[in-house]
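Student: Before anything else, here's the structure in question.
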Amino acid sequence: MTQFVQFLGRGRSGAKSCERPGPLALHPLARAAFAETGKPLSPAQVSGSQRFLLGGLSAPITVTWEITAACNLRCVHCLSSSGKRRPRELTTDQALALVDELAEMQVFQIHFGGGEPFLYPGIWRVLERCRERDLVMCVSTNGTLITSERARRLAALEPIYFQVSLDGATPETNDRIRGQGAFQRALRGLERLAAANLSLTVNSVLTRYSFPELDRLYAIARNFNAKLRVTRLRPSGRGRAVWAELHPTREQYRDFVAWLREHPDVLTADSFFHLNAFGERLAGLDMCGAATATCCICPEGEVYPCAFFQAPEFEAGNLHEQSFREIWQRSPVFAFYRQMGAGACSGCLRYDLCHGGCPATKWFVLQSLQGRDPECVLADSPTHPLAAKQETPYGAITAAVRCSSVTSQDGACQEEA
């Protein structure tokens, strides 16, 4: 059995006991939000993927681990508002102990993100420990820090998979989101990873401006012998400020479903299950897997239902105070999340297809888990304060990244050389 290193706060005098916390441990906002969704669904009421994940698994299949908040880019839609390292980020020794704990729980895959994972000081030791413990690794990177030497070193750590982010097939579209020069630098990173014969995916967040470029994004991915993975834009982190402007229109979503039908090799994970309400079940999970099949560990040890639901009121626990196993098995946030009712969608005839959509999107847009997904395709989305406040001309994005597009490791703004 692994001897865990001492995390900050664990075992100190006056620390909370490890007994199962009761409902009163929930943040009042979370408790009220869960209560609004109504009675938990019974096994007889569920269908599709929900039949297998109801109540959660003994351990997550995949853990998303945002290992650092440090990032050399300032993407306007960043779900975690990354930039500078945070004061209580896990040390390398703590990270290694966490890898051991996840391996002992029989977690299948760790998906490293950030921030930019290659700015974490102990990233190589962490990846090597994952390899020693037979954990599958996926690394999401902006690609700008990949050198030929790093790519060769990464090839020795297989099985390891890479997602390189491109949010447009042209510099004009991509760099308005990710910063000046990011497009060409990402392509160079892809070229170096491909030269090392590493398993590659081009990850693209779907926006109303990148939608017309899907065919070109698909061609770019194929050029590097990579898969294209398209993900949904969520109003999390900095994404809240631009979500109303960037999220696709309903007409684009309908055309996107048809486009996916013509491109069955494109990956979407569980990003677009809300589009099943059109009447056609997409490949992949048809429900939210948060807190049941996956969860997110943030740089300072915070654990959330998923990477998109990083709201303090829904923090399930902190690794500086509890082990990951304790949080996964005993957190009242996770317990309630796994028993959420259908809320306003309970009477919908398409609920068995979309299962109510994305809870994180509901919360950040509506401040409620009871309503339907703001991008529900069956009716016009309700008017809400966030959309009204944040509707801005597309040119505002360019202004937002004019200085903050490319930054140094310590977060200082700098121009491209």
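The values are calculated or read from the model by the stated rules, or taken from the named source; none is laboratory data. This is a predicted model, so every value here is computed, not measured. Cβ sites come from the backbone with ideal geometry, for glycine too, and all protein chains shown count toward neighbours. With ligands, DNA and RNA removed, areas are computed over all heavy atoms of the protein, side chains included. Shrake-Rupley method; radii C 1.70, N 1.55, O 1.52, S 1.80 Å.
Student: Tell me, which helices (runs of 4 or more DSSP H) wholly within region 180-276 include 2 or more residues that are touching a strand residue (DSSP E or B) at 6+ places or on another chain (Cβ under 9 Å) and of a type in the set (A, V, I, L, M, F, W, C)?
Tutor: 182-195, 214-223, 250-262
Student: Additional query: When you scan region 246-264, do you find a residue that is at positive phi and touching a residue at least 12 places away in the same chain (Cβ under 8 Å), even just one?
Tutor: no
Student: Determine whether region 334-357 contains at least one residue that is open to solvent by less than 20 Å² (accessible area, probe 1.4 Å), in a loop (DSSP other than H, G, I, E, B) and under 26 Å from LEU90 (Cβ atoms).
Tutor: No, there is no match, as no residue in region 334-357 is open to solvent by less than 20 Å² (accessible area, probe 1.4 Å), in a loop (DSSP other than H, G, I, E, B) and under 26 Å from LEU90 (Cβ atoms).
Student: Another question, then. Going residue by residue through region 60-74, is there one that turns out to be small (Gly, Ala, Ser), assigned to a loop (DSSP other than H, G, I, E, B) and under 26 Å from LEU246 (Cβ atoms)?
Tutor: Checked against the condition, which is being small (Gly, Ala, Ser), assigned to a loop (DSSP other than H, G, I, E, B) and under 26 Å from LEU246 (Cβ atoms), region 60-74 yields at least one hit.
Student: Tally the residues that are of a type in the set (Ser, Thr, Tyr), within 19 Å of the chain's Cα centre (by Cα) and surrounded by fewer than 22 Cβ atoms within 10 Å (Cβ to Cβ), restricting the search to region 157-200.
Tutor: The total comes to 1.
Student: Let me ask something else about it. Which of the residues belonging to region 201-227 are open to solvent by less than 10 Å² (accessible area, probe 1.4 Å) and not hydroxyl-bearing (Ser, Thr, Tyr)?
Tutor: VAL202, LEU206, LEU214, LEU217, ALA221
Student: Still on this structure: Would you pick out the residues in region 228-278 that are modelled with pLDDT of 95 or more, in contact with a Cys (Cβ under 8 Å, 6 or more places away or on another chain) and open to solvent by less than 40 Å² (accessible area, probe 1.4 Å)?
Tutor: Those that are modelled with pLDDT of 95 or more, in contact with a Cys (Cβ under 8 Å, 6 or more places away or on another chain) and open to solvent by less than 40 Å² (accessible area, probe 1.4 Å): ARG232, ARG234, GLY237, GLY239.
Student: I've got another one for you. Taking ALA35, is it under 29 Å from CYS288 (Cβ atoms), modelled with pLDDT under 95 and among the small types (Gly, Ala, Ser)?
Tutor: Answer is yes for this residue.
Student: For residues in region 279-308 being closer than 19 Å to LEU206 by Cβ and of a type in the set (Asp, Glu), which is most open to solvent (accessible area, probe 1.4 Å)?
Tutor: Per the criteria, the residue is GLU280.
Student: For region 129-151, which residues satisfy the criterion of being closer than 27 Å to GLY83 by Cα and part of a helix (DSSP H, G or I)?
Tutor: ARG129, CYS130, SER148, GLU149, ARG150, ALA151
Student: Now, a different point. Give LEU90, LEU135, LEU166, LEU98 a once-over and let me know the one that is of a type in the set (A, V, I, L, M, F, W, C) and more than 16 Å from THR64 (Cβ to Cβ).
Tutor: Going through LEU90, LEU135, LEU166, LEU98 in turn, the sole match is LEU166.
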